[in-house]
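J.: Please read through the structure below; I'll follow up with questions.
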Number of protein chains: 2
Amino acid sequence: MSDPVTQSSAMPACAVPGADPAERRRRIRAAFDPELFRAAGRNVVEQLADHLSRVESSSAAVLNWRPPPENVAAARRLLEEHASDAAPSAAMLAERFAGVVATMLDRGHNLHDPRYIGHQVPASVPLAGLFDAVGSVTNQVMAIYEMGPWASAVETAMVEVLGEQIGWQPGRFAGFVTHGGSLANLTALLTARNVSLAGVWEQGVRGGDQLPPNASARRSPVLVAHAEAHYCIARSAGILGLGTGNVIRAALDERRRIDPNRLDETLARLRAENRPIVAVVACACATPVGAFDPLEDIADVCRRHDVWMHVDAAHGAAACLSDRYRHLVAGLDRADSLVWDAHKMLFVPALCAFVFYRDRERRFEAFRQDAPYLFDPSAPGLAEFDSGLKTVECTKRAAAFGLWGVWTLFGRQLFADMVDETFDLGRLLYEKLRSASDFEPLHEPQCNIVVFRHVPEALRDAPPERLGAFQLDLRRAVIESGEFYIVPTAVGGVGALRVSIINPLTTPDHFDALLAALREHGRRLVARR
Amino acid sequence: MSDPVTQSSAMPACAVPGADPAERRRRIRAAFDPELFRAAGRNVVEQLADHLSRVESSSAAVLNWRPPPENVAAARRLLEEHASDAAPSAAMLAERFAGVVATMLDRGHNLHDPRYIGHQVPASVPLAGLFDAVGSVTNQVMAIYEMGPWASAVETAMVEVLGEQIGWQPGRFAGFVTHGGSLANLTALLTARNVSLAGVWEQGVRGGDQLPPNASARRSPVLVAHAEAHYCIARSAGILGLGTGNVIRAALDERRRIDPNRLDETLARLRAENRPIVAVVACACATPVGAFDPLEDIADVCRRHDVWMHVDAAHGAAACLSDRYRHLVAGLDRADSLVWDAHKMLFVPALCAFVFYRDRERRFEAFRQDAPYLFDPSAPGLAEFDSGLKTVECTKRAAAFGLWGVWTLFGRQLFADMVDETFDLGRLLYEKLRSASDFEPLHEPQCNIVVFRHVPEALRDAPPERLGAFQLDLRRAVIESGEFYIVPTAVGGVGALRVSIINPLTTPDHFDALLAALREHGRRLVARR
């Protein structure tokens, strides 16, 4: 291994700075000094408050676009800049800290700008970030209860409250928080796999015991999923050793929801073929156009065929908090497992994804192991509160502080408000698009996801591939200008524009400005060809 | 699904508070008010600085122990307390915020107390939490570069710098950050599985193509791992469809490190048996007693048998930053993949785990998918910087801000200092235990992990099970008293005590106090029997 010292431009070649233990302890104490923390913290609060004020009033670019190599070089340069001074004073450090924070804010993405209507990542409630900061600064973690007693308690309380909102009875269900919807879906499907295929955890997917010894019957297990489920579902099949090729795409209706009758036929056929079915994966909603599957009907079909029903409700589960939109997730309480991302429609910072099991008895099915130095046999009753027995993560950050804190301050009503506001705005954008002759909405939205194309006069008769490429070029021009942040997609293989109204500060006026900006950039693009 | 309104004690039954859209928007704007953020932020900075000052000087309990149901009930009560006021003022909210934060701090675990010498979770550099807060408050995420251009740049720069510290040449290796060592090991082993078993991603572990059609040769693939590897390694085998039963435990030498000669024999036997070998998993270091495997020798063996070498260096990779301890990880640069948790020995808050591939060409082998609305064909060069192509997470929080920020302020030297300080203290604690007649160190430590037993006079001739149970009872008494935080483990099936000196503010005096506290609690326990 080469010598890092000679590789680092930060280290003067003539000295061995780590040699004196007293000096070493002095340097460490300086870095942990609470008064340095206080000075830096006072700076950063003012910087963040000023930044939020600027961003919420759209007085800067939405996305600060720079090509990746330029940003990487700048981030690397800062890493090496400390080289010049061996022992900076606390005042110098606080000043340097403020400078670094200013760079972070100048070069980031401004999700709190109401013109940010992009991916399913919200303009988060700012105070949620402060609750998270309490966890970060004090490094509260879980795995076992005692490492983060309050973090564990907060997560448990939040699981209870959200599970009851889904419609379950206290004490009958279980849940936990993990780092993101993909990991949440993976963990739930791991449980489904372990439940569906006897012996698979210990013996692997090749193991013989889960299937009849009759060779012709030994067929690969399948996962049946909404044909437009998030890519993490097929990835889960790849990760879990089932194979992405063994994901059966459930047929959709004209609104791109699972068709329960055809699902029934599919499951009947698979049963007749003796293929083990790990789970049916329904969506609430599916990502491309925000289509909510008919969960009650799907639950009936799954029950008929005795198949595990999983619902990826990462985006849409929050509808259960809304009087106006709860109907979209009717039947969610019948899922065997489901995923609910608080860092989507509960408007907290990433990552805070919930997994729920309807049947509390399933909570330890994903993993079946022990680590003697973790789970304490001298207090076995505590294991119930040890998150590490349920999650892929061993050490896990206190990911629910933001949600719990905001709920504590504002109650359930704020979350219902944000669902109502953004879902209503989805409908309103759709109406605006429909009434504009040069815009074409590509579906009737059920929530805050709206997919459309801009079709200027000049492209009215263009071939699909040209029209699709135009959408993507148009989007890139708009986002790099910093005027709006929207997302590319494809419908029927043809490029399109996609919007998630996931900043509750967005107003109808912003949609008028969006259409104007798209027209203006579109004109320039057409002229350039 | 039942009606959440009637279930929630927070909602007066007589009103439908969400009904008026103007009121709704007012409530949302109040929650997003930058001036509310400013007031709350000023409070929390003072609270955290005061808290750190108290905790670093040991003026409170280390762990605020309360039984789980008591904490859960308190966390739940706070969730429901907002009920009384429909529209709190900003001043009321800021005050309530401060009260909630005070509760979080009062009921948490104080890792910054130098008497915290517990799990491999550090007393983190406090400023790291503030850098993380910039990401949380503004909700900077990745998946695709443009969603978090600065977050992506920071992660890329940090991967470059750490990879060069491992000993690799710029541009030849690859890496990324993920949420925790378990997920990092899983992702690296997923890559190893996909590389080792042709067609497994698409066809699953049952798929026929990866093995000769000759039935007797179709044996289950295996993972060969350090016999005391972290539990997440066997879990990975379970998750990946290989089966926990197909993990072959590599034999250890007397210092609990992999014995390269016996590893050589094991691999030769497996090759002779025609069993596909997914990877060898070495540890730097293994969790139980902090044993560092002889990586150079293991690399030679792996090369001889053409097997993927993975190193779980979650804890120990940081040794490569230290002149004094770099020798422990000699050969780390020969690993095909490795895991390095910055939230362990780089002293940043959880979770920030790095995965590295020695060969840059492996970076996209874990997953092979696309999501049209994410990865933009109008700018294909950007995909190189899209983290979602490499990580289990799709949306991923800006997990490297804390590490990057601290390195930017203090340089590499601070990290080397913290490794040196805590590893030196491990040796010093061992010497103290060895020279005490009533303590028995159970190994000669290589780093900051020390395992031992307290053997008071009265138990000198006790049977092992009694002596082991005594260690666990003793530990529980000590941690519930709030005097120290240490960890239980087992050696040879018999309970023992385990310490990680992972707070660089701990001093030799604290070890004297620890031994005194163990003696005192031990006396009481013995008297009680």
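The values are calculated or read from the model by the stated rules, or taken from the named source; none is laboratory data. None of these values were measured; they are calculated from a predicted model. Quick reminder, even Gly has a Cβ in these numbers, built from the backbone with ideal geometry, and neighbours come from all protein chains shown.
J.: Of everything in region A:104-154 that's over 25 Å from A:Pro68 (Cβ atoms) and among the β-branched types (Val, Ile, Thr), which residue is farthest from the other protein chains (Cβ to nearest Cβ)?
T.: In the first step, residues of region A:104-154 are kept if they are over 25 Å from A:Pro68 (Cβ atoms); the result is A:114, A:125-154.
Then drop every residue that is not among the β-branched types (Val, Ile, Thr), which leaves A:125, A:134, A:137-138, A:141, A:144, A:154.
Values: A:Val125: 5, A:Val134: 5, A:Val137: 3, A:Thr138: 6, A:Val141: 5, A:Ile144: 8, A:Val154: 5 Å.
Ranking the candidates gives A:Ile144 first.
J.: Considering every residue within region B:167-174, establish whether at least one is touching a strand residue (DSSP E or B) at 6+ places or on another chain (Cβ under 9 Å) and part of a helix (DSSP H, G or I). I'd like the intermediate steps shown before the answer.
T.: Initially, region B:167-174 is screened for residues touching a strand residue (DSSP E or B) at 6+ places or on another chain (Cβ under 9 Å), giving B:168, B:173-174.
Retained after the next criterion (residues that are part of a helix (DSSP H, G or I)): none.
There is no residue in region B:167-174 that is touching a strand residue (DSSP E or B) at 6+ places or on another chain (Cβ under 9 Å) and part of a helix (DSSP H, G or I).
J.: Looking at region A:418-456, which of its residues are crowded, with 22+ Cβ neighbours inside 10 Å, under 22 Å from A:Leu525 (Cβ atoms) and touching a Gly at 6+ places or on another chain (Cβ under 7 Å)?
T.: Once the filter is applied, which keeps residues that are crowded, with 22+ Cβ neighbours inside 10 Å, under 22 Å from A:Leu525 (Cβ atoms) and touching a Gly at 6+ places or on another chain (Cβ under 7 Å), region A:418-456 yields A:Val450, A:His454.
J.: Turning to a different aspect of this structure: Within region B:475-492, track down each residue that is within 11 Å of chain A (Cβ to nearest Cβ) and among the aromatic types (Phe, Trp, Tyr).
T.: If the condition is that a residue be within 11 Å of chain A (Cβ to nearest Cβ) and among the aromatic types (Phe, Trp, Tyr), then B:Tyr485 is the only one that fits.
J.: Here's something else I'd like to know. Which residue out of B:Arg218, B:Arg193, B:Arg206 is out of contact with any Cys (no Cβ under 8 Å at 6 or more places or on another chain), facing another protein chain (nearest Cβ under 9 Å), modelled with pLDDT under 95 and under 22 Å from B:Arg235 (Cα atoms)? Give the derivation first.
T.: Working: B:Arg218 fails: under 22 Å from B:Arg235 (Cα atoms); B:Arg193 fails: modelled with pLDDT under 95.
So the residue among B:Arg218, B:Arg193, B:Arg206 that is out of contact with any Cys (no Cβ under 8 Å at 6 or more places or on another chain), facing another protein chain (nearest Cβ under 9 Å), modelled with pLDDT under 95 and under 22 Å from B:Arg235 (Cα atoms) is B:Arg206.
J.: Of the residues that make up region A:229-240, is at least one in a strand (DSSP E or B) and modelled with pLDDT of 95 or more? It would help to see each step written out before you state the result.
T.: Going residue by residue through region A:229-240, those that are in a strand (DSSP E or B) are none.
So far as region A:229-240 goes, no, none of its residues is in a strand (DSSP E or B) and modelled with pLDDT of 95 or more.
J.: Here is a follow-up. When you go through (1) free of Cβ contacts under 8 Å to residues at least 12 places away in the same chain; (2) of a type outside the set (Gly, Ala, Ser); (3) facing another protein chain (nearest Cβ under 8 Å); (4) more than 18 Å from A:Phe415 (Cα to Cα) one by one for A:Glu160, which number turns out not to apply?
T.: Only one criterion is unmet by A:Glu160, namely (4).
J.: Taking A:Arg262, is it more than 8 Å from chain B (Cβ to nearest Cβ), at pLDDT 95 or above and either crowded, with 24+ Cβ neighbours inside 10 Å or part of a helix (DSSP H, G or I) (or both)? Spell out how you get there, then give the answer.
T.: On the way: more than 8 Å from chain B (Cβ to nearest Cβ): yes; at pLDDT 95 or above: yes; either crowded, with 24+ Cβ neighbours inside 10 Å or part of a helix (DSSP H, G or I) (or both): yes.
It is true that A:Arg262 is more than 8 Å from chain B (Cβ to nearest Cβ), at pLDDT 95 or above and either crowded, with 24+ Cβ neighbours inside 10 Å or part of a helix (DSSP H, G or I) (or both).
J.: With closer than 30 Å to B:Arg54 by Cα, surrounded by 20 or more Cβ atoms within 10 Å (Cβ to Cβ) and modelled with pLDDT under 95 as the only criterion, which of A:Gly18, A:Gly41 stands out?
T.: The match here is A:Gly18.
J.: Of all the residues that make up region B:30-45, how many are touching a Pro at 6+ places or on another chain (Cβ under 9 Å) and either part of a helix (DSSP H, G or I) or of a type in the set (S, T, N, Q) (or both)? Working first, answer last.
T.: Restricting attention to region B:30-45, the residues satisfying the condition of being touching a Pro at 6+ places or on another chain (Cβ under 9 Å) are B:30-34, B:36-37, B:40-41.
Those left that are additionally either part of a helix (DSSP H, G or I) or of a type in the set (S, T, N, Q) (or both): B:30-31, B:34, B:36-37, B:40-41.
Residues meeting the conditions: 7.
J.: What's the number of the condition A:Ser58 fails, among (1) surrounded by 17 or more Cβ atoms within 10 Å (Cβ to Cβ); (2) on the phi < 0 side of the Ramachandran plot; (3) out of contact with any Ser or Thr (no Cβ under 7 Å at 6 or more places or on another chain)?
T.: Evaluating A:Ser58 over (1) surrounded by 17 or more Cβ atoms within 10 Å (Cβ to Cβ); (2) on the phi < 0 side of the Ramachandran plot; (3) out of contact with any Ser or Thr (no Cβ under 7 Å at 6 or more places or on another chain) leaves (2) as the failure.
J.: Being surrounded by fewer than 23 Cβ atoms within 10 Å (Cβ to Cβ), farther than 17 Å from A:Lys432 by Cβ and more than 10 Å from chain B (Cβ to nearest Cβ) is the filter here; which residues of region A:493-526 pass it?
T.: A:Val494, A:His521, A:Arg523, A:Arg524, A:Leu525, A:Val526
J.: Can you confirm whether A:Leu332 is closer than 23 Å to A:Val499 by Cα, surrounded by 23 or more Cβ atoms within 10 Å (Cβ to Cβ) and not assigned by TED's automatic domain parsing to the domain that holds A:Ser500? Lay out the reasoning, then the answer.
T.: Numbers: closer than 23 Å to A:Val499 by Cα: no; surrounded by 23 or more Cβ atoms within 10 Å (Cβ to Cβ): yes; not assigned by TED's automatic domain parsing to the domain that holds A:Ser500: yes.
Considered against the rule, which asks whether it is closer than 23 Å to A:Val499 by Cα, surrounded by 23 or more Cβ atoms within 10 Å (Cβ to Cβ) and not assigned by TED's automatic domain parsing to the domain that holds A:Ser500, A:Leu332 comes out as no.
J.: Shifting gears a bit: Filtering region A:70-120 down to residues that are among the charged types (D, E, K, R) and not in a loop (DSSP other than H, G, I, E, B), which residue is modelled with the lowest pLDDT? First the steps, then the outcome.
T.: Of the residues in region A:70-120, the ones among the charged types (D, E, K, R) are A:70, A:76-77, A:80-81, A:85, A:95-96, A:106-107, A:113, A:115.
Among the residues that remain, those that are also not in a loop (DSSP other than H, G, I, E, B) are: A:70, A:76-77, A:80-81, A:95-96, A:106.
On the way: A:Glu70: 97, A:Arg76: 97, A:Arg77: 96, A:Glu80: 90, A:Glu81: 82, A:Glu95: 92, A:Arg96: 93, A:Asp106: 97.
Ranking the candidates gives A:Glu81 first.
J.: Within region A:293-327, can you find the residues that are in contact (Cβ under 8 Å) with a residue 60 or more places away in the chain, surrounded by fewer than 24 Cβ atoms within 10 Å (Cβ to Cβ) and assigned to a helix (DSSP H, G or I)?
T.: Across region A:293-327, there are no qualifying residues.
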